[in-house]
Amino acid sequence: MSEKIRLGILGGGGDSLIGVLHRVASSMYDKYQIVGGVFNPVWQENISFAQKLGLPENRIYIDFDTFIEEELKLPESERIEVVSVLTPNFLHFPMAKKLIENGFHVICEKPLTTTLVEAKVLERALKKSNTIFAVTYTYTGYPMIRQMREMIQSGVIGDVQKVDVQYYQGWINPILLDKELRKTIWRLDPKKAGISSCVGDIGTHAFNMAEYLTGQEVKSILADLNTRYEDNQLDVDGTILIRFSEYVKGVIRSSQIATGEENGLEVKIYGTKGGFNWKQENPNYLYYLTDDKPLQVLKPGHAYNGGVSLDGTKLPPGHPEGIFDSMGNIYYGVSKAIRKQSYDSGEYPTMNDGVRGMKFIEKCVESHKSGNVWLDL
């Protein structure tokens, strides 16, 4: 049995949701061992958090540059192999670039960078390297999302003709109502979040879902965004029309001010012979619709599901799996790629998915600012 993959983590300390999500996910299939990293830019908080995790203090570094420098001094058999980048958006690019250039595999939170130019620089750097790069569009890891993808690709619902993806949250609403409070949130700060809040954070998940499930690329978009207040620079709500082709169209609706909503990602895809409906808050139910039969409900772990769905199901039918499991499946896919084992192309999102996401974000902002016009991706 091969050794566990040595994992380093940047960011994600304290009570960070994304931090615990990645740590639990990495442990799920017993493929990784967290070795060290930089959890916080404040040294005392960094080292205290590492101690809570029981990590060796000599592998906790004062900053990112020291992390690279000290890890490269170690023999390859001891060195961290893959690094998870869980920092705010503006740090993704410099960290990912230096990691790629120094031979580390990377698992990066989305959005990939803060600009498309940066994303393309990373893409070129990766082509020159011999490393694996994953972008954590988490929801691609759900077994029933993978099942839907497989069924769409095998023609079960015929030719896709309508795509409707909604991602509604309400968490920014109470913050946005307070003029002083909204100045303190990094997701509303262009220097840290980039040119978009809502589309960059959750709209890009919805866009990724549309392309991942259909196996098609969106060719053009028209966006109508809302900042809600004059002194708030970044969008907190958006409606985006999408076209895959002249006769295959859809809509992406994303909002952080959908008052009272929690994490309402919902996917509806309709073809010439049937359709699917899936909701992230109830992820073990995939609804399959046709004109000539009663509504069918597909669930994880059953023999009627395909190989990729079953490979990502850890428990017998009827035992709920959720967001940790979904992220765990992405980590599992990356582990196969790192260890040069065979894997399905849908097992983890790649650099290309990250670049497509950045293209989508920039075109949405440009479309809105240009007077809500159609733009090619």
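Given the convex hull over the Cα atoms of the range 116-158, what projected area results after averaging over all orientations, in nm²?
Details: hull surface 19.3 nm².
For the range 116-158, averaging the hull's shadow over all directions gives 4.8 nm².
At 0.36 nm per residue, and after removing the present C-alpha to C-alpha distance, how many nm does the segment from N282 to E217 gain when stretched out fully?
Working: separation 65, 0.36 × 65 = 23.40 nm, distance 2.68 nm.
Result for the pair: 20.7 nm of gain on full extension.
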*Within the P(r) computed for the range 1-153, what percentage of the Cα pairs occupies the region above 23 Å?*
38
_If I model a spin label as a point 7 Å beyond the Cα along the Cα-Cβ vector, how far apart are those points for E78 and L377 in nm?_
4.6
*Estimated FRET transfer efficiency when R0 is 30 angstrom, pair N226-K120 (beta carbons, to 0.05)*: 0.55
*Note the full-extension length gain between E57 and K98 as 0.36 nm times their separation in residues minus their Cα-Cα distance, in nm to one decimal.*
12.5 nm
*So how many Å³ per residue does the convex hull of the Cα atoms of the range 316-377 work out to?*
147
_Candidates A206, A134, A50, ranked by Gaussian network fluctuation over the chain, Cα under 10 Å, top entry_ = A50
_Surface accessible to a 1.4 Å probe, E78 within the full protein complex, Å²_ = 90
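What does DSSP give for the chain in terms of the percent of beta bridges that are antiparallel, rounded to the nearest 5? Show your work: numbers first, answer last.
On the way: 38 of 64 bridges.
Just about 60 percent of them are antiparallel.
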*For a label point 7 angstrom out from the Cα of K191 toward its Cβ, which stretches of the range 82-126 have the backbone nitrogen within less than 20 Å?*
87-95, 113-115
*asked:* Could you derive backbone 3J(HN,Hα) for the range 78-87 from the dihedral phi with the Karplus parameters 6.51, -1.76 and 1.60 (θ = phi - 60°), listing whole Hz in sequence and x where the residue is Gly or Pro?
replied: 10, 5, 4, 9, 10, 10, 8, 9, 10, 7
*DSSP H helices in the chain with Cα extent of 18 Å or more along the helix axis and mean Kyte-Doolittle hydropathy at least -1.0?*
89-101, 116-128, 323-338, 351-369
*asked:* Using only alpha-carbon positions, what ratio does the radius of gyration of the range 137-281 give when scaled by 2.2 N^0.38 Å?
replied: 1.12
*Determine the principal axes of the Cα atoms in the range 277-329, then give the extent along each, sorted from largest to smallest and rounded to whole angstroms.*
37, 24, 18
*Accessible area in the full protein assembly, largest first, 1.4 Å probe, for E180, E347*: E180, E347
*asked:* Among N58, L112, S16, whose Cα projects farthest towards the positive end of the dipole of the range 1-154, with charges put on the beta-carbon of Lys, Arg (+1) and Asp, Glu (-1)?
replied: L112
*What number, in nm² with one decimal, is the all-direction average of the projected area of the convex hull of the alpha-carbon atoms of the range 111-192?*
9.2
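Against the 2.2 N^0.38 Å scaling, with N counting residues, where does the chain land? I'd like the Cα-based Rg ratio to two decimal places. Mind showing how you got there, number by number?
Values: Rg = 20.6 Å, N = 377, 2.2 N^0.38 = 21.0 Å.
Output field value: 0.98.
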*asked:* Take the residue pairs K219/K369; K4/K127; K98/K120; K162/K363 and return only those whose Cα atoms are more than 23 Å apart.
replied: K4/K127
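The values are calculated or read from the model by the stated rules, or taken from the named source; none is laboratory data. This one's a predicted model, so the numbers in the text were calculated from it and none came from an experiment. Cβ sites come from the backbone with ideal geometry, for glycine too, and all protein chains shown count toward neighbours. All accessible areas refer to the heavy atoms of the entire protein, side chains included, with ligands and DNA or RNA removed. Shrake-Rupley method; radii C 1.70, N 1.55, O 1.52, S 1.80 Å.
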